[in-house]
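The values are calculated or read from the model by the stated rules, or taken from the named source; none is laboratory data. Remember, it's a predicted structure, so these values are computed and weren't measured experimentally. Please note: Cβ atoms are built from the backbone with ideal geometry, for glycine as well, and neighbour counts cover all protein chains shown.
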Amino acid sequence: MAEGLKWLQCPVCKKTISWKVPEEALKKVTRFPVAIVVKHEDHYLVCYVDSHLQLADTEVAVTYVEGKSKDDE
Ligand SMILES: [Zn+2]
């Protein structure tokens, strides 16, 4: 098991960034993959993490707002 620190090359600015997997928050998660939004400078990366806390996929978002589905109300 990794110590929680992940490295990846930012697809936007090509810098290598490190980010910490929020392991405490993930303990409450029962279904995977989980999307974790990582802010990097002025853009955001959406990192999908599987049940082994391995990076499964990465998407790029230039901006980010919190969304809420009707069912959650
Ligand atoms: Zn970046």
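Restricted to the range 1-14, and to residues there that are surrounded by 10 or more Cβ atoms within 10 Å (Cβ to Cβ) and within 16 Å of the ligand (Cβ to nearest atom), the residue that is farthest from the chain's Cα centre (by Cα) is Cys13.
Trp19 passes every criterion in (1) loosely packed, with under 10 Cβ neighbours inside 10 Å; (2) in contact with a Lys or Arg (Cβ under 6 Å, 6 or more places away or on another chain) apart from (1).
I'm trying to understand the selection: among the residues of the range 26-53, which are farther than 16 Å from Lys14 by Cα and within 8 Å of the chain's Cα centre (by Cα)?
Matches in the range 26-53: Val34, Ala35, Ile36, Val37, Tyr48, Val49.
Within the range 33-55, the set of residues being more than 16 Å from the ligand (Cβ to nearest atom) and surrounded by 15 or more Cβ atoms within 10 Å (Cβ to Cβ) comprises Pro33, Val34, Tyr48, Val49, Leu53.
Listed by first and then second residue, the pairs linking a residue in the range 9-36 that is of a type outside the set (D, E, K, R) to a residue that is in a helix (DSSP H, G or I) and at pLDDT 90 or above, with Cβ atoms under 6 Å apart and 6 or more places separating them unless they lie on different chains, form an empty list.
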